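The values are calculated or read from the model by the stated rules, or taken from the named source; none is laboratory data. None of these values were measured; they are calculated from a predicted model. Here Cβ is always computed from backbone atoms with ideal geometry, including for glycine, and neighbour counts include all displayed protein chains. Surface areas here come from the heavy atoms of the whole protein model, side chains and all, with no ligands, DNA or RNA. Shrake-Rupley method; radii C 1.70, N 1.55, O 1.52, S 1.80 Å.
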Amino acid sequence: MSRVAALLDGLPDHARDLRLNVASLLGEGGALEAHRRYGVALAAACASPHAGLRDALAADAADAGAAPGVLEDARTAAALMAMNNVYYRFRHQIGKESYAGKPARLRMTRLGAARSEKVDLELYSLAVSAINGCEFCVRAHEEAVLKGGLGEDHVHDAVRLAAAVHAASRALA
């Protein structure tokens with residue numbers, strides 16, 4: 001039994017669907033290859049409140065053969081989107097041209113230096129941006145994922161997985 005499965009077995013019955021969804025989405029082929037599934041799941045867990053789920057996903061991903069760069073990019077996406085999603089969501093919500101014209105001046109050079117594939121870092125950033133509710137970032141990363149050669153099925157599966165992991169993390173917390 002994987003670490004994630006063992007952890008999710010502790011969820012109460014009212015959260016049974018979360019346990020089943022995470023297991024199904026992590027295990028299914030779908031559009032996402034295994035390394036992308038684990039990268040998305042880890043990024044979502046890093047953006048969510050339960051450290052135990054984050055650690056279990058990282059260990060299971062490594063056991064499943066996910067390269068260290070995938071894990072690093074997942075963590076990077078969660079860290080940088082924690083900053084970017086707040087800033088860009090504010091600019092969108094305030095709706096004033098005066099703020100929209102101001103430079104962000106927030107360092108995010110790591111987004112241009114993927115340790116795995118650039119498109120994967122964009123996919124992980126998209127998943128975290130969906131969790132954080134930043135429309136601007138969701139749109140920007142979805143566009144980058146599509147331009148990077150992945151399709152809408154990849155995007156859809158990534159967001160479904162991120163939603164399930166995030167919900168499980170909140171239920172565990």
Open item on the list: List the trypsin sites (Lys or Arg not before Pro) within region 81-173 that DSSP assigns to loop and that have no more than 13 neighbouring Cβ atoms inside 10 Å.
Closed with: 96, 105, 107
Task: Exposure of residue 143 as accessible area (Å², to 10), given a probe of 1.4 Å and all protein chains - done: 90
TODO: For each cysteine in the chain, check whether another cysteine's C-beta sits under 4.7 Å from its C-beta; list those where none does.
DONE: 46
TODO: Run the accessible area of region 17-173 with a 1.4 Å probe and give the carbon-and-sulfur part as a rounded percent.
DONE: 52
- [ ] Net charge near residue 51: determine it from the other residues with C-beta under 14 Å of the C-beta of residue 51, scoring Lys and Arg +1 and Asp and Glu -1.
- [x] +3
Open item on the list: Heavy atoms only, 1.4 Å probe, whole protein assembly: order 153, 55 by accessible area, highest first.
Closed with: 153, 55
- [ ] Please work out the average accessible area per residue across the chain, using the 1.4 Å probe convention, and give it in Å².
- [x] 49
Task: Calculated diffusion of region 39-148, Stokes-Einstein form, Kirkwood radius summed over Cα pairs, 25 °C and 0.890 mPa s, µm²/s - done: 172
Task: With Cα atoms, 0 to 90° folded angle of helix 16-27 axis to the chain main axis - done: 80
- [ ] At q = 0.19, 0.24 Å⁻¹, what is the base-10 log of I(q)/I(0) for region 1-98 according to the Debye formula with one equal point scatterer per Cα and no solvent? Please give it to two decimals.
- [x] -0.91, -1.24
TODO: Can you tell me the 0 to 90 degree angle between the C-alpha axis of helix 135-147 and the longest principal axis of the chain, rounded to 10?
DONE: 80
